[in-house]
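Colleague: Here it is, the structure in full.
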Amino acid sequence: MDKLLQRSKGEINIELLDNNFKKFFQSGCCKILNPNNYNHNKELILINTAGGITCNDSIEINATIHNSELSICTQAAEKIYAGIGDPAKVNININLNNSTLYWLPKELILFDNSKLRRNINVNLLDNSNLIFCETSIFGRKAMSEKIKNISLSDQWKINVNSSLKHFEAINMQGSMIDNYKNNYTFDNQSSLSTIIIFGEIIHQFESELRKIIENIVNHYCGMTKFDDKIIIRCIANDNYDLKKTLNFIMKNIIHDKLPKSWDL
């Protein structure tokens, strides 16, 4: 007899005005912490009390931010486990109005036979700024984990004044062996990170970032600027090395605004 497996469902819906909450809703496995800090910006920490994500789980995060400066990070790395059923669904929608957001979740760790469909949509209005950092780990090297089979759809859309300015997608189905060996995809590396910067702050950070990137020599890290945005790509064989690189970059551009839980 088939049994209905227990699955996690969580939702966050928040609205901020002048760094103060106007709406605060959390349900299911999704929780928010707002720790005290000594900075002018607000710091929010997202928590998944389920301890990870597996097939048929559902998470939705909606945030509307007006006239505020804040960082959003996660308490720990989000683990995507193998499971039975349809891919887990994660939908994240963020609207910025005259605000600055540091989107700094910890890494997404994907396990063998994991299934995930994730969509991240960010809309910037009226002089807003965005520093967006996402990291994906395909099997932890320290644990000798290898990805042989995966189902992953990860799509990011960034709009400026409701006009699409950046879109990218990763779609992987089935075996990962060819992707790992391909010099144009993973090149036998397992840790990938992307930093995207939008807004007037790109002019403030550009020259400093170029100097920082030039000093990273232990693994590949490249930067490009076009269409009023900065994109930084990093790839490494070990997650810890990649974390050190990301910390080095972030500490030099946002300094003490880096969330405490995000730091090494």
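The values are calculated or read from the model by the stated rules, or taken from the named source; none is laboratory data. Just so it is clear, the model here is predicted, and its values are computed rather than measured. Virtual Cβ from ideal backbone geometry, glycine too; neighbours counted across all protein chains shown.
Colleague: Give the number of residues within the stretch 199-226 that are part of a loop (DSSP other than H, G, I, E, B) and within 20 Å of the chain's Cα centre (by Cα). Steps first, answer last, please.
Modeller: Here is the first cut: in the stretch 199-226, the residues part of a loop (DSSP other than H, G, I, E, B) are 199-200, 215-219.
Then keep just the ones that are within 20 Å of the chain's Cα centre (by Cα); that gives 199.
Going through the stretch 199-226 one residue at a time, the tally reaches 1.
Colleague: Hey, could you check the stretch 129-186 for residues that are of a type in the set (Gly, Ala, Ser) and at pLDDT 90 or above and say which is nearest to Arg117 (Cα to Cα)?
Modeller: In the first step, residues of the stretch 129-186 are kept if they are of a type in the set (Gly, Ala, Ser); the result is 136, 139, 142, 144, 151, 153, 162-163, 169, 174-175.
Still in the list and also at pLDDT 90 or above: 136, 151, 153, 163, 169.
On the way: Ser136: 14, Ser151: 8, Ser153: 5, Ser163: 24, Ala169: 11 Å.
Restricting to residues being of a type in the set (Gly, Ala, Ser) and at pLDDT 90 or above, the top hit is Ser153.
Colleague: Moving on. Would you be able to say whether some residue in the stretch 34-41 is under 15 Å from Ile12 (Cβ atoms), assigned to a strand (DSSP E or B) and either without any contact (Cβ under 8 Å) to a residue 24 or more places away in the chain or not β-branched (Val, Ile, Thr) (or both)? Outline the logic, then answer.
Modeller: At the first step, the residues of the stretch 34-41 found to be under 15 Å from Ile12 (Cβ atoms) are 34.
Keeping just the survivors that are assigned to a strand (DSSP E or B) gives none.
No: the stretch 34-41 contains no residue that is under 15 Å from Ile12 (Cβ atoms), assigned to a strand (DSSP E or B) and either without any contact (Cβ under 8 Å) to a residue 24 or more places away in the chain or not β-branched (Val, Ile, Thr) (or both).
Colleague: From the list Thr64, Thr49, exactly one residue is under 19 Å from the mean Cα position of the chain (by Cα) and surrounded by fewer than 14 Cβ atoms within 10 Å (Cβ to Cβ). Which is it?
Modeller: Details: Thr64 fails: surrounded by fewer than 14 Cβ atoms within 10 Å (Cβ to Cβ).
None of the others qualify; the one that does is Thr49.
Colleague: Here are some residues: Ile253, Ile216, Ile197. Which one is touching a helix residue (DSSP H, G or I) at 6+ places or on another chain (Cβ under 9 Å), surrounded by 15 or more Cβ atoms within 10 Å (Cβ to Cβ) and at pLDDT 90 or above?
Modeller: Values: Ile253 fails: at pLDDT 90 or above; Ile216 fails: at pLDDT 90 or above.
Ile197 is the lone residue from the list that is touching a helix residue (DSSP H, G or I) at 6+ places or on another chain (Cβ under 9 Å), surrounded by 15 or more Cβ atoms within 10 Å (Cβ to Cβ) and at pLDDT 90 or above.
Colleague: Separate question: Looking at Glu69, is it under 19 Å from Lys42 (Cβ atoms) and charged (D, E, K, R)? Let's see the steps before the verdict.
Modeller: Values: under 19 Å from Lys42 (Cβ atoms): yes; charged (D, E, K, R): yes.
Spelling it out, Glu69 is indeed under 19 Å from Lys42 (Cβ atoms) and charged (D, E, K, R).
Colleague: Can you give me the number of residues within the stretch 9-46 that are out of contact with any strand residue (DSSP E or B) (no Cβ under 7 Å at 6 or more places or on another chain) and either under 23 Å from Arg118 (Cβ atoms) or loosely packed, with under 14 Cβ neighbours inside 10 Å (or both)? Explain how you work it out, then say what you get.
Modeller: Step one: of the stretch 9-46, the residues out of contact with any strand residue (DSSP E or B) (no Cβ under 7 Å at 6 or more places or on another chain) are 18, 20, 36, 38-39.
Applying the additional criterion that residues be either under 23 Å from Arg118 (Cβ atoms) or loosely packed, with under 14 Cβ neighbours inside 10 Å (or both) yields 18, 20, 36, 38.
Final tally of qualifying residues: 4.
Colleague: Evaluate the following for Ala50: is it assigned to a loop (DSSP other than H, G, I, E, B) and among the aliphatic types (A, V, I, L, M)?
Modeller: yes
Colleague: Exactly one of (1) surrounded by fewer than 19 Cβ atoms within 10 Å (Cβ to Cβ); (2) within 20 Å of the chain's Cα centre (by Cα); (3) of a type in the set (Ser, Thr, Tyr) is unmet by Thr54. Its number?
Modeller: (1)
The rows are residues; the columns are (1) more than 20 Å from Phe111 (Cβ to Cβ); (2) in contact with a Leu (Cβ under 7 Å, 6 or more places away or on another chain).
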position: Asn34; (1), (2): yes, yes
position: Gly51; (1), (2): no, no
position: Thr54; (1), (2): no, no
position: Asp57; (1), (2): no, no
position: Cys73; (1), (2): yes, yes
position: Ala88; (1), (2): no, yes
position: Ile92; (1), (2): yes, no
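Colleague: Does Lys79 count as touching a residue at least 24 places away in the same chain (Cβ under 8 Å), part of a strand (DSSP E or B) and within 18 Å of Thr49 (Cα to Cα)? Talk me through it step by step, then tell me what you get.
Modeller: Values: touching a residue at least 24 places away in the same chain (Cβ under 8 Å): yes; part of a strand (DSSP E or B): yes; within 18 Å of Thr49 (Cα to Cα): yes.
It is true that Lys79 is touching a residue at least 24 places away in the same chain (Cβ under 8 Å), part of a strand (DSSP E or B) and within 18 Å of Thr49 (Cα to Cα).
Colleague: Tell me which strands (runs of 3 or more DSSP E) are completely within the stretch 94-185 and hold 2 or more residues being of a type in the set (A, V, I, L, M, F, W, C), surrounded by 15 or more Cβ atoms within 10 Å (Cβ to Cβ) and at negative phi, or say none if there are none. Write out each step before concluding.
Modeller: Numbers: elements: 100-104, 108-110, 115-125, 129-138, 149-160, 163-175.
Passing ranges, in order: 100-104, 108-110, 115-125, 129-138, 149-160.
Colleague: Do you know which residues across the stretch 232-250 are in contact with a His (Cβ under 9 Å, 6 or more places away or on another chain) and either assigned to a strand (DSSP E or B) or surrounded by 18 or more Cβ atoms within 10 Å (Cβ to Cβ) (or both)?
Modeller: Within the stretch 232-250, the first condition is being in contact with a His (Cβ under 9 Å, 6 or more places away or on another chain), and the residues that meet it are 234-238, 241-242, 245.
Matches in the stretch 232-250: Cys234, Ile235, Ala236, Leu242, Thr245.
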